[in-house]
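These notes are about the structure you will find just below.
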Amino acid sequence: MGPNGSGKSTLIEAISWVLFGSGSVDRTDKEGIKRSGAEAHEDCSVMLQFELGGVQYQVRRTLRGKSLKADAQLLANGEVLASSERSVTSQVEKVLGMDHRAFFQSVFARQKELSALSALPPAERKKLIVRMLDLDVLQKVIDDIKRDERDEKKDLQFISDQLLTADGRPKREVLEEERASLEEELKVLHGQLDDANKEVERLEVELEKAQGQKEWVALKEKEYRQRDARLLEKRSELKNLTERREAAEKEIATLKDRLVKLPELRERSEEYRSLLVAKESMEDARVAHEGRGSLLESLRQTDEDIVRAERSMADARTQRQELKDPRASLDKVSENLDALDSEISDKRNDISVAEAEVRRLQLDAEELVSERSKIRSLGPESVCPTCRRTLGEHHTHLVAVLEEQRQEVEAAITAKNADIERLRNELDTLQRRKAVLEERRKKLQDEDRRAGDLDARLKQAAENLDSLRARRNSLADKLEKMGADDFDEDAYRSIKERLRDLRAAADRYQALSGEAARLPDLMERKEELDASIVLRSQEVESMQAELAAIGYEEGDLERAQTAHTEAVRARERGYGEVSLKVEAIEYTERRLADKDKAIADIDEMERSIEGRTRKVQELATLVQVMGDFKQNVMERITPTLSEIASELFDTITDSRYGGIEVDENYDLHIYDGGIKYPLSRFSGGEGDLANLCLRLAISRVLADRSGNDMNFLVLDEIFGSQDQVRKRAIMETLNRLERRFHQIILITHIDDTKDMMSNVVTVRELSDGTSDLLV
């Protein structure tokens, strides 16, 4: 039995897989087969032996590894016929004369098929039998031929439509008219191309004339530009000389105006020099005066610093006396804090130990509750946890003892929790005391630091005061050594202000004294510039006359270049016109070629229409022939089924009835006393037997079609909901069929039928999900 609990499905899957390979089952079925034979990590091998036509065949297929890689081998009378999965499948189909589907239709009969044969309406029952006999393939062939015929007709109509224009005219006629028009257009274009070539020749001559005129004017323009450039240089030189003369004249006039003030500036310069000598003689007295003033200011500042230092020292001494001795108090408070820290640490350790004891007691209580509940639920049949013997009448006593122990543990937990609460209260009191002492220690530490700061401040103030007093004595000695102050500060300030007023006049006098020596040179240079200007003016007049004699006017070269450019453009337009005509001719020739190709395509389509018309006629004939063939087969199959089913029914019923007839709708009729009656006239047992015979007749027809005498039958759950009497009647019928079928396999889940069978194989599911067989 497989993992789904379906022994019959595993058997069918195994037979299907061994004979026809992995193509007959999906991967899920293969995994089920493998689990039925071995664990997933092992190889699974299934072997099937059968005899056909006097030959003993042996088929073996193997699934290897987790990937379910398939391998196969086929032996005939001990000799290897094939040794790969595909070759074995192909050889088996050749031996049996049928594929997987035909084999199972001929060998296997299922309850759902028997029920369908009796319950379906005539049209549905006919479809089922036709499908079981593989006769529906004929209709599929006919439908495929009809579809091909429709496709060919559509293609034929499409091609015929392609031979007409949108307005219904024949495309060949329209194309030939368009081709004649294009040939006439091509002649006109060739004439226009000849005219365009002649015009290009004329434009080439005009371009050569324009090129010569441009080159002659360019030579005259070059000479004109050279002479004009030299004239511009002379004019520029004349202009430069004129500007230099004007600048010299202006400079001479300006210099003469400035030299008028020279006597007055000389007097101020002499006064400036005399005052400068007087100022320099007073500098030593000024330096001594400023030094005396600096000493007096330093002496005054030092006296003020001494007063401030004495006041600061007195304040610090008063504050230090108020602080007394904070160091002794600080040491005592620190000692008390150390003792408190030790006591607090002890309290915390006591609390931790008590809490650990509470947790242990709680675990003991939970274990007692669990043990009590377990023993109570198991009852007196439970085993004593100490001696491992059945409790019996001691069960109630043991439950009570466990409850008493639990209550004792709970009482111990309550007492421990009270101790923990007391310890925590004592710890809070110690921590509050510690906070007060820490605040006191912080205050004493601040006072101690302040006392240290004041001591350092008093020491520094004393040193600073001594330094200031020594500095004052030094300054007083220096001031006494300098003697009396005879410096006249007002007279010194008056001399400085007058020097500042006379400084600009003295500088101006110095500058004009140097410029006065330049006046003779400036006068001489002006006379030289006058002579040069006369000479340059004569040269400019001569060069203007030469320039006019060349005969070139501004714009001559531009006009010649414009005329040449127009000639070039005219020639390019001429060549462009030639190119356009050539392109038009080529385009027209391509259009002519397209028309010729379109006409050739029409010729090809007309030939194709003839071939497709013949093919449509052939397909129509083939549809008729196949339809007649199908009708002939259908008319022959019902007598064959009637004959085979009647023979089986006669065997099963010991010739009680006259046989069975299958009409054109595949309805069953039974002959009784020489009269044909519908199947509904008879009891359910006879109806089941008749349908079974019809299904077996279908299997026989399929087997005969293969050319082999199978003599093998598998019946799958054919009892359905039959009562015991009908099941026994069917079993008796199957026993009678042993003369016709050498081997009949009945698959069923109904246990009470095994006593009616000569050989029974039971499929059992094991606890690990695999199955075994019991014969």
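This table checks each residue for (1) closer than 26 Å to residue 250 by Cα; (2) modelled with pLDDT of 80 or more; (3) under 60 Å from the mean Cα position of the chain (by Cα).
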residue	(1), (2), (3)
507	yes, no, no
510	yes, no, no
516	yes, no, no
520	yes, no, no
523	yes, yes, no
527	yes, yes, no
541	no, yes, no
555	no, yes, no
559	no, yes, no
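The residues of region 244-269 that are acidic (Asp, Glu) and either surrounded by 13 or more Cβ atoms within 10 Å (Cβ to Cβ) or touching a Cys at 6+ places or on another chain (Cβ under 7 Å) (or both), listed by number, are 249, 251.
Look at region 305-334: where a residue is open to solvent by 50 Å² or more (accessible area, probe 1.4 Å) and a partner is of a type in the set (Asp, Glu), sitting 6+ places away or on another chain with Cβ atoms under 7 Å, you get 320/455; 327/448. Every residue in region 655-667 that is touching a helix residue (DSSP H, G or I) at 6+ places or on another chain (Cβ under 9 Å) and free of Cβ contacts under 8 Å to residues at least 40 places away in the same chain, please. Of everything in region 655-667, those that are touching a helix residue (DSSP H, G or I) at 6+ places or on another chain (Cβ under 9 Å) and free of Cβ contacts under 8 Å to residues at least 40 places away in the same chain turn out to be 656, 657, 658, 659, 660, 661, 662, 663, 664.
Within region 44-56, how many residues turn out to be open to solvent by 30 Å² or more (accessible area, probe 1.4 Å) and closer than 17 Å to residue 17 by Cβ? Residues meeting the conditions: 6.
In region 57-94, the residue that is nearest to residue 744 (Cα to Cα) out of those that are among the basic types (Lys, Arg) and surrounded by 15 or more Cβ atoms within 10 Å (Cβ to Cβ) is 60.
Among the candidates 633, 623, the residue that is open to solvent by less than 40 Å² (accessible area, probe 1.4 Å), touching a helix residue (DSSP H, G or I) at 6+ places or on another chain (Cβ under 6 Å), more than 20 Å from residue 736 (Cα to Cα) and among the β-branched types (Val, Ile, Thr) is uniquely 623.
Exactly one residue among 178, 201 is open to solvent by 50 Å² or more (accessible area, probe 1.4 Å), farther than 30 Å from residue 506 by Cβ, within 60 Å of the chain's Cα centre (by Cα) and at pLDDT 80 or above, and that residue is 178. Residues of region 345-369 that are under 18 Å from residue 425 (Cα atoms), surrounded by fewer than 16 Cβ atoms within 10 Å (Cβ to Cβ) and β-branched (Val, Ile, Thr): 353 alone. Only one of the numbered conditions (1) open to solvent by 70 Å² or more (accessible area, probe 1.4 Å); (2) of a type in the set (S, T, N, Q); (3) at pLDDT 80 or above is not met by residue 281, and that is (3).
Among the residues of region 590-601, are any farther than 30 Å from residue 157 by Cα and assigned to a helix (DSSP H, G or I)? Yes, there is a match, as at least one residue in region 590-601 is farther than 30 Å from residue 157 by Cα and assigned to a helix (DSSP H, G or I). Checking the structure you have, find out if any residue of region 370-390 is open to solvent by less than 70 Å² (accessible area, probe 1.4 Å), more than 27 Å from residue 457 (Cα to Cα) and under 60 Å from the mean Cα position of the chain (by Cα). The answer is yes, given that some residue of region 370-390 is open to solvent by less than 70 Å² (accessible area, probe 1.4 Å), more than 27 Å from residue 457 (Cα to Cα) and under 60 Å from the mean Cα position of the chain (by Cα). Scanning region 493-542 for residues that are within 18 Å of residue 235 (Cα to Cα) and either without any contact (Cβ under 8 Å) to a residue 24 or more places away in the chain or in contact with a Pro (Cβ under 7 Å, 6 or more places away or on another chain) (or both) turns up 531, 534, 535, 538, 541, 542. Is region 604-615 home to any residue that is out of contact with any Leu (no Cβ under 9 Å at 6 or more places or on another chain) and outside any helix (DSSP H, G or I)? No: zero hits.
Among residues of region 172-195 that are on the phi > 0 side of the Ramachandran plot and of a type in the set (A, V, I, L, M), none has a beta-carbon under 6 Å from a residue that is loosely packed, with under 15 Cβ neighbours inside 10 Å and in a helix (DSSP H, G or I) at least six positions away or on a different chain. Pairing residues of region 607-631 that are closer than 13 Å to residue 139 by Cβ with residues that are in a helix (DSSP H, G or I) and open to solvent by 70 Å² or more (accessible area, probe 1.4 Å), at Cβ distances under 8 Å and at least 6 apart in sequence or on separate chains, gives 623/146.
Considering region 679-703, and only residues there that are farther than 13 Å from residue 718 by Cα and polar (S, T, N, Q), the residue that is most open to solvent (accessible area, probe 1.4 Å) turns out to be 680.
Scanning region 309-349 for residues that are closer than 13 Å to residue 454 by Cα and small (Gly, Ala, Ser) yields 312, 314, 316. Of note, residue 147 does not satisfy the criterion of being open to solvent by 80 Å² or more (accessible area, probe 1.4 Å), charged (D, E, K, R) and in contact (Cβ under 8 Å) with a residue 60 or more places away in the chain. Considering only residues in region 411-457 that are small (Gly, Ala, Ser) and over 13 Å from residue 341 (Cα atoms), the one that is surrounded by the most Cβ atoms within 10 Å (Cβ to Cβ) turns out to be 451. Might you check whether a residue that is closer than 30 Å to residue 197 by Cα, part of a helix (DSSP H, G or I), of a type in the set (A, V, I, L, M, F, W, C) and open to solvent by less than 60 Å² (accessible area, probe 1.4 Å) occurs anywhere in region 543-562? Looking for residues that are closer than 30 Å to residue 197 by Cα, part of a helix (DSSP H, G or I), of a type in the set (A, V, I, L, M, F, W, C) and open to solvent by less than 60 Å² (accessible area, probe 1.4 Å), one finds at least one in region 543-562, hence yes.
Yes or no: residue 456 among the hydrophobic types (A, V, I, L, M, F, W, C) and in contact (Cβ under 8 Å) with a residue 60 or more places away in the chain? The answer is no for residue 456. In region 161-175, the qualifying residues are those that are outside any loop (DSSP other than H, G, I, E, B) and open to solvent by 40 Å² or more (accessible area, probe 1.4 Å), and the one that is farthest from residue 698 (Cα to Cα) is 173. Considering every residue within region 264-274, establish whether at least one is of a type in the set (A, V, I, L, M, F, W, C), more than 60 Å from the chain's Cα centre (by Cα), more than 16 Å from residue 537 (Cα to Cα) and in a helix (DSSP H, G or I). Yes: region 264-274 contains one or more residues that are of a type in the set (A, V, I, L, M, F, W, C), more than 60 Å from the chain's Cα centre (by Cα), more than 16 Å from residue 537 (Cα to Cα) and in a helix (DSSP H, G or I).
The residues in region 488-500 that are touching a helix residue (DSSP H, G or I) at 6+ places or on another chain (Cβ under 9 Å) and open to solvent by 80 Å² or more (accessible area, probe 1.4 Å) can be counted, and the count is 4.
The values are calculated or read from the model by the stated rules, or taken from the named source; none is laboratory data. Source: prediction; values computed, not measured. For neighbour counting, all protein chains shown are included, and Cβ atoms are generated from backbone atoms with ideal geometry for every residue, glycine included. Keep in mind that these areas ignore ligands, DNA and RNA; they rest on the heavy atoms of the full protein, side chains included. Shrake-Rupley method; radii C 1.70, N 1.55, O 1.52, S 1.80 Å.
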